[in-house]
Each structure stands twice: as structure tokens, then as C-alpha cells.
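Novice: Shown below is the structure under consideration.
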Amino acid sequence: MSDRTTAESREELDGITILLHAGIMVLGILAWLTGEWAGDYKKLHHWGFAIHKHLGIGLAFFLLLRIGYGFVGPDAAKFSSWVPYSKERLSAVWEDLLTLVKLKLPDRPARQGLAGLVEAFGLAVFTWMAATGTYMYYSLTPGQKAGGAVHLVKELHEAAEGLIPVFLVIHIGAVILHALAGDHRWRKMVFLSE
């Protein structure tokens, strides 16, 4: 990765973006890890469900802030600047994939090309989990089995749960590859100096 790209990437990482990333990262992983505990909602005493749902509501709060920031934040944080929805941006994703096939890292600013697709995928997965989880937070009655629409949403929530490790492997793998190549911006994302 060139010095130009690293310098551009550092400029894009404002404090609010870093704080929102940290909140999503911590609460998202904790909610995912406690997901297996949530099955005890059918019991009168449901500590696992209580822990999981409160972590999930915290995640939903940070995601709501991040989504809002994606519309009103600085240009680098706005979805219109990086989400690969246009022909040109999708072409950049394809170019990055071809670069990876050649065993090289793409040379793009943060959130552009494949990195933008991965980040958009992660936000979409966690937003889905937070939205369905929030619905269950307000709809599930502890001590009773879920039925009807609540049961359907619960099944959709659980089905999408498998996308979280896929995202984490891709995202963390990319961070590790970039760190091995000398790009240590990950340090800033966890409040360490570069």
C-alpha cells in the first residue's frame, strides 16, 4: 500500500466514525457471542436472554447513529461517498478482486472498492440483526414460546446469525493482511496511536 493511500485513509477516520466503529465492534461481537444464551427466553428466569437483548439494543443504538452519520456526517463517512452501488464503484470492487487473485493488496483509499463492499456488507448484516432483534425485544414474552410473526422474525434473526462470522473472517483477515503490509490504521480504530 502506498504512502499516499495510507495518508488519505488517516484523514478520513474522524473521531465520531472511530467511536461508532468501536461501539458496533464491541456490542456486535458480544451480542453475537451471547446469542446462544438467548434461547432461555422460554423460561421464567431468563438471564441469557436478558443479557443478549440488552447488548443487542446497545448495538441497535450505535447502528442507528452510524446510519444517521452515513447521511449527515463528513463526506468520508457518507454512504454516497463509498457504498459500491454505481457501475464505477462495482468495477473497482472487481478490480480489487482481480488484484487479490494476483496475491497483491488493492491500492485504494479506505472504504473504496472491495473494502467498501465489505463494510457495506457488515453494516447490512448487523443492521438486519439489530432490526429483527429489536422487534423481538419488544415482542417476545419471556416465559412463553414465540408464535406467529414473532416466531418468523426469530427464525430469520437466527438464520442470518451465520453471516456474522463470515463478515468477521473477511474483515479481520483484511485488517491482518494490511497490517502485515505495513498499514496499521487498525490501531487508530481501537484508540491506539499509529
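The values are calculated or read from the model by the stated rules, or taken from the named source; none is laboratory data. The shown structure was predicted, so the numbers you read here are calculated from the model rather than taken from an experiment. We place every Cβ from the backbone using ideal geometry, glycine too, and count neighbours over all the protein chains shown.
Novice: Residues that are among the hydrophobic types (A, V, I, L, M, F, W, C), touching an Asp or Glu at 6+ places or on another chain (Cβ under 9 Å) and within 23 Å of A60 (Cβ to Cβ): does segment 135-144 have at least one?
Specialist: no
Novice: Are any residues in segment 58-80 more than 15 Å from the chain's Cα centre (by Cα), surrounded by 17 or more Cβ atoms within 10 Å (Cβ to Cβ) and part of a helix (DSSP H, G or I), and if so, which ones?
Specialist: A76
Novice: Let me ask you something else. I'm checking my understanding of the structure. Among residues of segment 29-50 that are hydrophobic (A, V, I, L, M, F, W, C), surrounded by 17 or more Cβ atoms within 10 Å (Cβ to Cβ) and in contact (Cβ under 8 Å) with a residue 40 or more places away in the chain, which one is nearest to M136 (Cα to Cα)?
Specialist: Result: F49.
Novice: Could we say that L90 is touching a Gly at 6+ places or on another chain (Cβ under 7 Å) and either among the charged types (D, E, K, R) or farther than 23 Å from M129 by Cα (or both) here?
Specialist: It is false that L90 is touching a Gly at 6+ places or on another chain (Cβ under 7 Å) and either among the charged types (D, E, K, R) or farther than 23 Å from M129 by Cα (or both).
Novice: Consider only pairs whose beta carbons are under 8 Å apart and that are at least six residues apart or on different chains; among these, list those whose first residue lies in segment 136-156 and is modelled with pLDDT of 90 or more and in a loop (DSSP other than H, G, I, E, B) and whose second residue is acidic (D, E) and loosely packed, with under 11 Cβ neighbours inside 10 Å.
Specialist: From residues that are modelled with pLDDT of 90 or more and in a loop (DSSP other than H, G, I, E, B), there are no pairs.
Novice: Within the bounds of segment 104-119, is there any residue that is closer than 25 Å to G28 by Cα, part of a loop (DSSP other than H, G, I, E, B), of a type in the set (A, V, I, L, M) and at pLDDT below 95?
Specialist: Looking for residues that are closer than 25 Å to G28 by Cα, part of a loop (DSSP other than H, G, I, E, B), of a type in the set (A, V, I, L, M) and at pLDDT below 95, one finds at least one in segment 104-119, hence yes.
Novice: Go over the candidates A179, A115 one by one and state the one that is buried (at least 16 other Cβ atoms within 10 Å of the Cβ), without any contact (Cβ under 8 Å) to a residue 60 or more places away in the chain and farther than 22 Å from G48 by Cα.
Specialist: Only one candidate passes the filter, namely A115.
Novice: Additional query: Can you find a residue that is touching a residue at least 40 places away in the same chain (Cβ under 8 Å) and more than 24 Å from H184 (Cα to Cα) anywhere in segment 95-106?
Specialist: no
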